[in-house]
Amino acid sequence: MKKLLIFITILLTGCSTEAAITKDDLLIIAHRGDSSEAPEHTMPAYEKAIESGADFIEIDLMMTKNGKLVAMHDETVDRTTNGKGKVSDYTLEQLKDLDAGSWFSNEYKGEKILSLQEIVDRFGKGTQYYIETKETGMEENLLDILSKRNLLDNVVIQSFSSKSLMRIHKINKEIPLIQLCESVDVPYLKENEINQYANGIGLNARLVNEAFVERMHAANLVVHTFFNKDKEKNQIEDVVSYGVDGVFTDYLVNAKKYQ
Ligand code: G3P
Ligand code: CA
């Protein structure tokens, strides 16, 4: 009921959103795809996430040397491919030569790094996209890709960078935005500034309690939590009991039990 009220409040206060950022039960965001079942940010990870009933697939975005947006969490390709070096030192074509699956398991040998364009071409309006701008300067390119595919109402955009979110808000006031907060910044979080451009807060589960969720809801902000992977299964029940609106999950099947 509490979530229904905040949902209605958000609609009535004019911050109406297209993609739903809260629902009566828990919003499930597949963190980097179904990243415990397949290598993060690859096509199998996204396909599995959608098959398992995620509300959103999460995509971290980095920019290549030739200005293409690719689904990658890290600044470098070292951890998740057989290559070395910064994403920004590779063209998209060069990134495509890397193996983005073997690090996870042999079953996924030869999986490719994906461009955002490929992901939206593959899934279209058949899913919802929860996209993180990992750097500033990609906002126009991002909105252009989404707009050409008619996906502006299938998307939530998140960032640790308020500058990036404000830039998007200036261009399009309808897209739901989530301000991610670094743990060290949470004590100084100013909800009545954030709610001028964003619709919610994303932060680590260990920093959330019931009073925090109530405070954010009072400012018409939803709360989405992410986890340290090894702690998710212990923390998810607690954050759900605190009334968070959504979770970025690495364990989709388990998270679905809380819906
Ligand atoms: O975007 C929410 C969460 O994914 C933030 O952490 O480091 O996994 O992008 P990270
Ligand atoms: Ca992310």
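The values are calculated or read from the model by the stated rules, or taken from the named source; none is laboratory data. Values in this document were obtained by computation on a predicted structure and should not be read as measured data. Methodologically, a virtual Cβ is constructed for each residue, glycine included, from the backbone with ideal geometry; neighbour enumeration extends over all protein chains shown. For accessibility, only protein heavy atoms count, side chains too; no ligands or nucleic acids. Shrake-Rupley method; radii C 1.70, N 1.55, O 1.52, S 1.80 Å.
Annotations for the structure displayed:
- Cβ-Cβ distances below 9 Å connect no pair with a first residue in the stretch 133-150 that is assigned to a strand (DSSP E or B), a second residue that is of a type in the set (Phe, Trp, Tyr) and at pLDDT below 95, and a separation of six or more residues or different chains.
- Just one of the numbered conditions (1) open to solvent by less than 20 Å² (accessible area, probe 1.4 Å); (2) assigned to a loop (DSSP other than H, G, I, E, B) is not true of residue 36: (1).
- Positions within the stretch 55-73 being among the small types (Gly, Ala, Ser), touching a strand residue (DSSP E or B) at 6+ places or on another chain (Cβ under 9 Å) and open to solvent by 10 Å² or more (accessible area, probe 1.4 Å), in sequence order: none
- Close Cβ contacts (under 7 Å, 6 or more residues apart or on different chains) running from residues in the stretch 51-74 that are under 16 Å from residue 250 (Cβ atoms) to residues that are in a strand (DSSP E or B) and away from ligand 1 (no atom under 12 Å from the Cβ) comprise 54/28; 55/27; 55/28; 56/129; 57/129; 59/129.
- Members of the stretch 130-154 that are touching a helix residue (DSSP H, G or I) at 6+ places or on another chain (Cβ under 6 Å) and within 15 Å of ligand 1 (Cβ to nearest atom): 133
- Residues of the stretch 73-88 that turn out to be within 16 Å of ligand 2 (Cβ to nearest atom), among the β-branched types (Val, Ile, Thr) and assigned to a loop (DSSP other than H, G, I, E, B), as a count: 1
Matching residues to (1) out of contact with any helix residue (DSSP H, G or I) (no Cβ under 7 Å at 6 or more places or on another chain); (2) over 20 Å from residue 120 (Cβ atoms); (3) basic (Lys, Arg); (4) within 16 Å of ligand 1 (Cβ to nearest atom):
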| residue | (1), (2), (3), (4) |
| --- | --- |
| 40 | yes, no, no, yes |
| 58 | yes, no, no, yes |
| 65 | no, yes, yes, no |
| 85 | yes, yes, no, no |
| 89 | yes, yes, no, no |
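- Failed condition for residue 19, given (1) at pLDDT 95 or above; (2) closer than 25 Å to residue 202 by Cα; (3) within 16 Å of ligand 1 (Cβ to nearest atom): (1)
- Any hit, the stretch 89-104, residues being in contact (Cβ under 8 Å) with a residue 40 or more places away in the chain, outside any loop (DSSP other than H, G, I, E, B) and acidic (Asp, Glu): no
- When residues in the stretch 167-182 are screened for being more than 16 Å from ligand 1 (Cβ to nearest atom) and under 19 Å from residue 216 (Cβ atoms), 1 of them pass.
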